[in-house]
């Protein structure tokens, strides 16, 4: 998998709402920045060739790295596809919304739920929020959260950022009633 | 008005302890809200990838509400070594050890309710700088950025060679982004390092430059 750069971000939150967070809440993001496989080809009707060339390798690259960066058992996860200005959002979606991509992360994390995602087009440095949900039960409300990311010089117009995010738990100081209490 | 320093109740030896996990005691002692560690790997066709990283701690401003006559040294001497330890432990972890580090830099961002001198107090004394230099096995003075910061802003941090600061190939900057820091009563402190020079550095060096003075302005070709 050829990429221009690979970015890793780890956030450790020790206080929230004026109280200690115990244990420390960790979120890790790993993002690959690489050439859009459909750059310069105009409207490509069938995206499968590009998906086959990239999606599985990308998932295999990112999944172990984000789990290693998290450094503790994973409880929530999500993904992102951010397309440079000359591409289509569909290009990013094509790379992340396939089992070829997602199963690498699901298997590595022993997860069972669908990965929540953000898909967006923007200039280099664009801010994007990656949604995360619980890794085995997407209705667990405590784990609904998002993490904001900006990569200073990416994506270039002909590039795509694909990112995975992982969290060790739910929101710091989460204290909302469970969904089941409202049903 | 004065603040009440958080009392140090126990003496611990941090010289050999990793702070990557189980650092609640340090976090409490310095009013730590979060640490954000950013790293990037830039593949290089003819050799090892270049790794660049920043680690940023966001803490409560220990001088909140104090005036310009307030003595900063006691809190700076208490807090800065802990910040240096937390941040350099993370840089060394993601960069692969001090032996890999070639360039470094530092920064402090002060929240809107603080004083620029508060930011300086945490990075511009030996209690931060000497410890960071020692941890990364450098000898150069540390280049830096400091200033007021709003949450959501980006900050660009300069780095240069850790033992030969005039080495032109290693002049570089790295940008950090903090979505929700520093708040008005917070300070963000950053340590930055790189395992290499700029990618494809090729603008010579002071050792190879010919002498250049304003004499050249007398014969400019347009």
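Across the range A:1-15, which residue is surrounded by the fewest Cβ atoms within 10 Å (Cβ to Cβ) among those that are under 28 Å from residue B:89 (Cα atoms) and either at pLDDT below 95 or more than 21 Å from the chain's Cα centre (by Cα) (or both)? Working first, answer last.
At the first step, the residues of the range A:1-15 found to be under 28 Å from residue B:89 (Cα atoms) are A:3-15.
Remaining after also requiring either at pLDDT below 95 or more than 21 Å from the chain's Cα centre (by Cα) (or both): A:14-15.
On the way: A:14: 25, A:15: 20.
My answer is A:15.
Taken over the range A:35-53, residues that are in contact with a helix residue (DSSP H, G or I) (Cβ under 8 Å, 6 or more places away or on another chain) and outside any loop (DSSP other than H, G, I, E, B) amount to 3.
Scanning the range B:153-185 for residues that are in contact (Cβ under 8 Å) with a residue 60 or more places away in the chain and either more than 15 Å from the chain's Cα centre (by Cα) or part of a loop (DSSP other than H, G, I, E, B) (or both) yields a count of 8. Checking each residue in the range B:151-163 for being over 16 Å from residue A:153 (Cα atoms) and at pLDDT below 95 picks out only B:152.
Let's see how each residue does on (1) closer than 18 Å to residue A:9 by Cα; (2) modelled with pLDDT under 95; (3) not in a loop (DSSP other than H, G, I, E, B):
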{"site": "B:4", "(1), (2), (3)": "no, yes, no"}
{"site": "B:8", "(1), (2), (3)": "no, yes, no"}
{"site": "B:18", "(1), (2), (3)": "no, no, no"}
{"site": "B:27", "(1), (2), (3)": "no, no, yes"}
{"site": "B:39", "(1), (2), (3)": "yes, no, yes"}
{"site": "B:42", "(1), (2), (3)": "yes, no, yes"}
{"site": "B:57", "(1), (2), (3)": "yes, no, yes"}
{"site": "B:63", "(1), (2), (3)": "no, no, no"}
{"site": "B:68", "(1), (2), (3)": "no, no, no"}
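Counting just the residues of the range A:16-52 that are facing chain B (nearest Cβ under 8 Å) and touching a residue at least 12 places away in the same chain (Cβ under 8 Å), which one comes out surrounded by the most Cβ atoms within 10 Å (Cβ to Cβ)? Give the derivation first.
Taking the range A:16-52 first, the residues facing chain B (nearest Cβ under 8 Å) are A:16, A:20, A:22, A:24.
The next check asks that each one be touching a residue at least 12 places away in the same chain (Cβ under 8 Å); those that pass are A:16, A:24.
On the way: A:16: 15, A:24: 23.
Only one residue tops the list, namely A:24.
Being surrounded by 18 or more Cβ atoms within 10 Å (Cβ to Cβ) and out of contact with any strand residue (DSSP E or B) (no Cβ under 9 Å at 6 or more places or on another chain) is the requirement here; does residue B:131 meet it?
On the way: surrounded by 18 or more Cβ atoms within 10 Å (Cβ to Cβ): yes; out of contact with any strand residue (DSSP E or B) (no Cβ under 9 Å at 6 or more places or on another chain): yes.
It is true that residue B:131 is surrounded by 18 or more Cβ atoms within 10 Å (Cβ to Cβ) and out of contact with any strand residue (DSSP E or B) (no Cβ under 9 Å at 6 or more places or on another chain).
Considering the conditions (1) touching a helix residue (DSSP H, G or I) at 6+ places or on another chain (Cβ under 8 Å); (2) modelled with pLDDT of 95 or more, residue B:201 is excluded by exactly one of them, (2). Here residue A:80 meets the list (1) within 14 Å of chain B (Cβ to nearest Cβ); (2) in a strand (DSSP E or B); (3) at pLDDT 95 or above almost entirely, failing just condition (1).
Checking the conditions here, which among A:123, A:131 is assigned to a strand (DSSP E or B), at pLDDT 95 or above and surrounded by fewer than 19 Cβ atoms within 10 Å (Cβ to Cβ)? Reasoning before the result, please.
Numbers: A:123 fails: assigned to a strand (DSSP E or B).
That would be A:131, the only listed residue that is assigned to a strand (DSSP E or B), at pLDDT 95 or above and surrounded by fewer than 19 Cβ atoms within 10 Å (Cβ to Cβ).
If only residues of the range A:160-183 that are part of a loop (DSSP other than H, G, I, E, B) and crowded, with 17+ Cβ neighbours inside 10 Å are counted, the one that is farthest from the chain's Cα centre (by Cα) is A:172.
None of A:85, A:74, A:62, A:58 is outside any helix (DSSP H, G or I) and in contact with a helix residue (DSSP H, G or I) (Cβ under 9 Å, 6 or more places away or on another chain) except A:74. The residues listed here are B:45, B:29, B:121, B:73; of these, the one that is within 14 Å of chain A (Cβ to nearest Cβ), over 24 Å from residue A:7 (Cα atoms) and free of Cβ contacts under 8 Å to residues at least 60 places away in the same chain is B:29. Taking the numbered list (1) over 17 Å from residue B:146 (Cα atoms); (2) assigned to a loop (DSSP other than H, G, I, E, B) in turn, residue B:112 passes all entries but (1). A single entry from B:62, B:81 fulfils the requirement of being more than 14 Å from chain A (Cβ to nearest Cβ) and buried (at least 22 other Cβ atoms within 10 Å of the Cβ): B:62.
When you go through A:157, A:152 one by one, which is the residue that is within 12 Å of chain B (Cβ to nearest Cβ), outside any strand (DSSP E or B) and either at pLDDT below 95 or more than 13 Å from the chain's Cα centre (by Cα) (or both)? Full working, then the answer.
Working: A:157 fails: within 12 Å of chain B (Cβ to nearest Cβ).
Checking each option against the conditions leaves just A:152.
Among the residues making up the range B:151-168, those that are within 14 Å of chain A (Cβ to nearest Cβ) and surrounded by fewer than 18 Cβ atoms within 10 Å (Cβ to Cβ) are B:151, B:152, B:153, B:154, B:156.
The values are calculated or read from the model by the stated rules, or taken from the named source; none is laboratory data. Computed from a predicted model, the values in this text were never measured in an experiment. Glycine also receives a Cβ, built like all others from the backbone with ideal geometry; neighbour counts cover every protein chain displayed.
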